[in-house]
C-alpha cells in the first residue's frame, strides 16, 4: 500500500530564513507533485517531478526528487510572509496513465515577520 | 493551463436535502475526474474516480448511494450529496485529467458545503 509521509506538519519560521519540507513515500512511483493551498481555497500546482534527480525551482521554492530514497524535498529560500500556506506532496500510483494521487497530510507553514 | 470550473463555491443546505456540485473542464476534455473531500486542517481524501461514460469507482468506505457521481460528458462531472447530514459538511474538490497530459491534474476551486 502506498503511503506518503510529510514532515514537519507544522512549521513556523521567520522571514529571511531557509527551511526544507520532506516527503517520503513507501513504494515506487513514477511521479510526485507539490501543491500549495491557501485557507479556504483549492490547490495550486507548484511542481511535478517525474524522474530521479529531478530538480525544479520557482522563485523561492525548489523541489527535488530522489526515487531511490523515495524522498522529495521542498526547499524554501529566504522565506517571505506570502509563502504562508499549507503545502502538500502527492505521489502518483505507479500505473501508467492512472492519475490517482496519494496525499501527504500537508505542512502548515507560517512565515512571521 | 487547463481550467476546471467548480460550482458552487459555497452552499448551505438543510439536513435531508440534496446538493449538486458541478465541475466543468473549460478548455480540455476531462476523460477522468477525481472527487475529493477535505476536512478542516486535514489532507485530501479521494472519494471516487469517474471516467466519462462509465460508472464511478468509489474508494473504500464511501457510500455510492449517498455520493452520486455522474460523468456524462467529457466536459462535465457532477457530485450529488443526497440526504445531506451535518457530518457531510466539508470542502469538496474535483480534479480533472486528460490523456493528452497524463501526468497533470487540474483542480477546481472547491465547494464549501455546510449542512445545517
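The values are calculated or read from the model by the stated rules, or taken from the named source; none is laboratory data. A quick note: this is a predicted structure, and the numbers were derived from the prediction, not measured. Quick reminder, even Gly has a Cβ in these numbers, built from the backbone with ideal geometry, and neighbours come from all protein chains shown.
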I'd like the full set of residues that are more than 9 Å from every other protein chain (Cβ to nearest Cβ), surrounded by fewer than 15 Cβ atoms within 10 Å (Cβ to Cβ) and modelled with pLDDT under 95, limited to the stretch B:74-107. B:100, B:101
Restricting to the stretch B:12-45, give me the number of residues that are assigned to a strand (DSSP E or B) and crowded, with 18+ Cβ neighbours inside 10 Å. 13
Please state which of the following conditions residue A:57 fails to meet, knowing it meets all the rest: (1) closer than 24 Å to residue B:34 by Cβ; (2) free of Cβ contacts under 8 Å to residues at least 12 places away in the same chain; (3) exposed (fewer than 14 other Cβ atoms within 10 Å of the Cβ). (1)
Residue that is closer than 22 Å to residue B:23 by Cβ and not in a loop (DSSP other than H, G, I, E, B), where the choices are A:109, A:74, A:46, A:65: A:46
Spot the failing condition for residue B:67; the list is (1) within 12 Å of another protein chain (Cβ to nearest Cβ); (2) modelled with pLDDT of 95 or more, and only one is missed. (1)
